[in-house]
Amino acid sequence: MGPLRGISRDMLWRSHIDDPTTPDRIVSRLRSLIIKDLPLPAHRPVLFFCIGTDRSTGDALGPLIGSRLMALGLDASYVWGTLDSPVHAANLHAAIDEAYSSFQNPYVIAVDACLGRLENVGMVTVSRGPLRPGTGVSKTLPPVGDIHVTGIVNVGGYMEYLVLQNTRLSVVIRMAEVISKALLQVAEEFRQTTEETDDDTSAVSPTCD
């Protein structure tokens, strides 16, 4: 789980899950950040780190998204963290090591739940830079991700573990649906762009002096 805080004035981007334009806006935001980091042609595998645990309703957002991405057809090798195989505090170090050993110079989009102010519950945020999971519950965990997406699932500030346990499942599921659809579209766009670049490169005939 990410930082337990409200949305600060310098938050890069946010949108509420009840806004029907939110999935498209998430895609647009992610696309703009990726293009800045990965000018074409790009040959870095994009991985999704969906952090959380299925043992807590509020903290199940990441694993729900990971499982949903796989159900929608995303290659399982690019998804780290599902309901069956969650990535959480106990195994995050090992998961990061394995991902970077399996893929050369991966580009990581990290996803996690967080707690915030009452007026921000239901908001999805997209920010550049690594996610710092566990900081809101006084855990020291490694930062992960080139971009991070968070969903504010409940109100923070007091008895956070209990709040997460009592978070409404309907909110978490709705948020997981919105975020997973946007992430899948980004993954598909990136894959198609990479394939088109590879095709263009292979079509160039060698020249001889």
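Can you tell me which residue is nearest to Thr167 (Cα to Cα) among those in the range 113-133 that are touching a His at 6+ places or on another chain (Cβ under 7 Å) and assigned to a strand (DSSP E or B)? Among those that are touching a His at 6+ places or on another chain (Cβ under 7 Å) and assigned to a strand (DSSP E or B), it is Met123.
Taking the numbered list (1) surrounded by 19 or more Cβ atoms within 10 Å (Cβ to Cβ); (2) within 16 Å of Ile51 (Cα to Cα); (3) polar (S, T, N, Q) in turn, Asn154 passes all entries but (2).
Scanning the range 150-181 for residues that are modelled with pLDDT under 85 and touching a helix residue (DSSP H, G or I) at 6+ places or on another chain (Cβ under 6 Å) gives Glu160, Leu164. Just one of (1) modelled with pLDDT under 85; (2) in a helix (DSSP H, G or I); (3) under 22 Å from the mean Cα position of the chain (by Cα) fails for Lys139. It is (2). Of all residue pairs spaced 6 or more apart or on separate chains, none has beta-carbon atoms under 7 Å together with a first member in the range 31-56 that is free of Cβ contacts under 8 Å to residues at least 12 places away in the same chain and a second member that is of a type in the set (Val, Ile, Thr) and surrounded by 20 or more Cβ atoms within 10 Å (Cβ to Cβ).
Taking (1) in contact with an Asp or Glu (Cβ under 9 Å, 6 or more places away or on another chain); (2) surrounded by 22 or more Cβ atoms within 10 Å (Cβ to Cβ); (3) over 16 Å from Ile51 (Cα atoms) in turn, Gly116 satisfies each apart from (1).
Pairing residues of the range 161-180 that are closer than 17 Å to Leu118 by Cβ and outside any loop (DSSP other than H, G, I, E, B) with residues that are charged (D, E, K, R) and modelled with pLDDT of 90 or more, at Cβ distances under 6 Å and at least 6 apart in sequence or on separate chains, gives Leu164/Asp59. Ser67 falls short of the stated requirement of being polar (S, T, N, Q), surrounded by fewer than 22 Cβ atoms within 10 Å (Cβ to Cβ) and not in a loop (DSSP other than H, G, I, E, B). Is it fair to say Thr53 is among the β-branched types (Val, Ile, Thr), assigned to a loop (DSSP other than H, G, I, E, B) and at pLDDT 95 or above? No: the conditions fail for Thr53.
The values are calculated or read from the model by the stated rules, or taken from the named source; none is laboratory data. What you see is a predicted model; the values in this text were computed from it and never measured. Note that each Cβ is placed from the backbone with ideal geometry, even for glycine, and that neighbours are counted across all protein chains shown.
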